[in-house]
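Q: Let me begin by handing over the structure; questions about it come next.
The values are calculated or read from the model by the stated rules, or taken from the named source; none is laboratory data. Just so you know, these numbers come straight off a predicted model, no measurement behind them. All Cβ positions, even for glycine, are placed from backbone atoms using ideal geometry, and neighbour counts span all protein chains on display.
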Amino acid sequence: MRDDELVEAARAAAERSYSPYSGFRVGAALVAADGTVYTAANVENASYPVSSCAEATVVNYAAAQGVRKIDTVAVACIDADDPEDAYPCGRCRQIMAEFDVERVLVTTAGGDVRVHTLDELLPHRFRLR
Ligand code: THU
């Protein structure tokens, strides 16, 4: 799948976000090494810390389907105008690292897309060998 298609899939997923508390809709779409695409959105909870970020939801869902290598994750924050407000949180970066995500595409309401490697977003990350 092309990058622009993956970003569009993340934007569509963001429309399905359940975020009544923050009003901040986030979608994520990933391409696994075998080419399969998975999408998800952030899902909040009245007990706020129980909420799940979009990236965590989609990566853990794909892993539960058997995925062990992820090439690219697109993240769409359709309620953010500034790209600096659209980056994955630290926990999601660590979750993406588990399945060797190579590239992360960050996009906003306006559609600006920034492309990063996971090495840029989470250098010197923790791993077990
Ligand atoms: N959120 C994500 O889905 N991904 C991130 O990387 C950062 C934050 C969600 C969590 C919560 O539902 C809302 O955005 C506001 O924090």
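Q: So Gly27 fits all but one of (1) within 9 Å of the ligand (Cβ to nearest atom); (2) of a type in the set (Gly, Ala, Ser); (3) assigned to a loop (DSSP other than H, G, I, E, B); (4) crowded, with 18+ Cβ neighbours inside 10 Å; what number is the exception?
A: Of the numbered conditions (1) within 9 Å of the ligand (Cβ to nearest atom); (2) of a type in the set (Gly, Ala, Ser); (3) assigned to a loop (DSSP other than H, G, I, E, B); (4) crowded, with 18+ Cβ neighbours inside 10 Å, the odd one out for Gly27 is (3).
Q: Test of understanding: among Asp79, Asp100, which residue is farther than 17 Å from Met1 by Cα, of a type in the set (Asp, Glu), in contact (Cβ under 8 Å) with a residue 40 or more places away in the chain and not in a helix (DSSP H, G or I)?
A: Asp79
Q: I'm told Val58 meets every condition in (1) modelled with pLDDT of 95 or more; (2) within 12 Å of the ligand (Cβ to nearest atom); (3) out of contact with any Phe, Trp or Tyr (no Cβ under 6 Å at 6 or more places or on another chain) except one. Can you identify the failing condition by its number?
A: So Val58 meets the others, but not (3).
Q: Restricting attention to region 76-94, report how many residues are over 19 Å from Tyr18 (Cβ atoms) and modelled with pLDDT of 95 or more.
A: 4
Q: State all residues of region 13-47 that are in contact with a Ser or Thr (Cβ under 7 Å, 6 or more places away or on another chain), under 14 Å from Asp79 (Cβ atoms) and not acidic (Asp, Glu); if no residue qualifies, say none.
A: Within region 13-47, Ala13, Arg25, Val26, Gly27, Ala41, Asn42 meet the criteria.
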